[in-house]
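Chemist: Got a structure here, written out as structure tokens. Questions coming.
The values are calculated or read from the model by the stated rules, or taken from the named source; none is laboratory data. Please read all numbers here as calculations on a predicted model, not as lab measurements. Using ideal geometry, Cβ is built from the backbone for each residue, glycine included, and neighbour counts are taken over all protein chains shown. Each accessible area value is taken on the protein alone, full model and side chains, heavy atoms only, with ligands, DNA and RNA left out. Shrake-Rupley method; radii C 1.70, N 1.55, O 1.52, S 1.80 Å.
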Amino acid sequence: MATLLYIITEGTQGGPFELTDGTHVLGSAGDATILVPDSTISAQHGQFDVENGQIFYQDLGSQNGSFVSEQPIAQAQPVPLSAGHILQAGSIHFQLVDDPNAVESMKRETAVISNTPKAIEPSDFGSADPSASPFKTRKSGWVKIYIIVITVIGIVAIVALVMTLLQG
């Protein structure tokens, strides 16, 4: 039975792709065997070479790179893969699976990877209380006094300058 390649990035359609013996090009162009129309995938991003059940992946000089287990793949260096490996091409994550019946349980047991940005929440700064923001303004009577003193000094300086100019 051939290994299947599933897209596990949330919101990305396509697949599963069957990796049978031969060469399979992953890309965003119409001539790619594994077509993934995504802006982070190069026209010819990478290729899978499958022979006698052994799978090798090679990055074809893509713009955004390819990663296996979050490690970058060097261009033109084939990397052996097997069922269970997660491959990232651009911002799209793929998983190799031998048993298609295990896919549904895999989806329930593993988190689907999201490629959408997460909004910053107050809890990201260590507090779930939105009123505990580190950017909250603090009221102080000294600030008002400081502003009044600076304003008075400024007015006195302007009056002194005008008086000097009028006398001279």
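Chemist: Pop out the ³J(HN,Hα) list for the stretch 53-66 in order, Karplus 6.51 cos²θ - 1.76 cosθ + 1.60 with θ = phi - 60°, rounded to Hz; leave Gly and Pro as x.
Modeler: Karplus values, whole Hz, x for Gly and Pro: x, 8, 10, 10, 10, 9, 6, 9, x, 5, 5, 9, x, 10.
Chemist: Let me ask another. Under 12 Å from the Cβ of Leu87, count the other residues' Cβ atoms, weight Lys and Arg +1, Asp and Glu -1, and hand me the total.
Modeler: -2
Chemist: Return, ordered by residue number, the residues of the stretch 43-82 whose backbone nitrogen is under 13 Å from a label point located 7 Å along Cα→Cβ of Asp31.
Modeler: Counting only backbone N, you get 43-45.
Chemist: Starting from the 7 Å offset along Cα-to-Cβ, what nm value, one decimal, do you get for the label separation of Ala157 and Asp21?
Modeler: Distance between label points: 8.7 nm.
Chemist: Between Ser39 and Ile86, 0.36 nm times their residue separation minus their Cα-Cα distance comes to what?
Modeler: Working it through step by step, the gained length comes to 14.9 nm.
Chemist: In terms of modelled amide H atoms, which long-range or inter-chain residues lie less than 5 Å from the amide H of Ser66?
Modeler: Ile73
Chemist: Ignoring ligands, DNA and RNA, how do Ser91, Ser82 rank by accessible area with a 1.4 Å probe, largest first?
Modeler: Per-residue accessible area, sorted high to low, gives Ser82, Ser91.
Chemist: Let me ask something else about it. If amide H atoms are built 1.01 Å from N in the plane of the peptide, which residues on other chains or at least 5 residues away come under 5 Å of the amide H of Leu81?
Modeler: When sequence neighbours closer than 5 places are left aside, the close amide H contacts are Ile55, Phe56, Tyr57.
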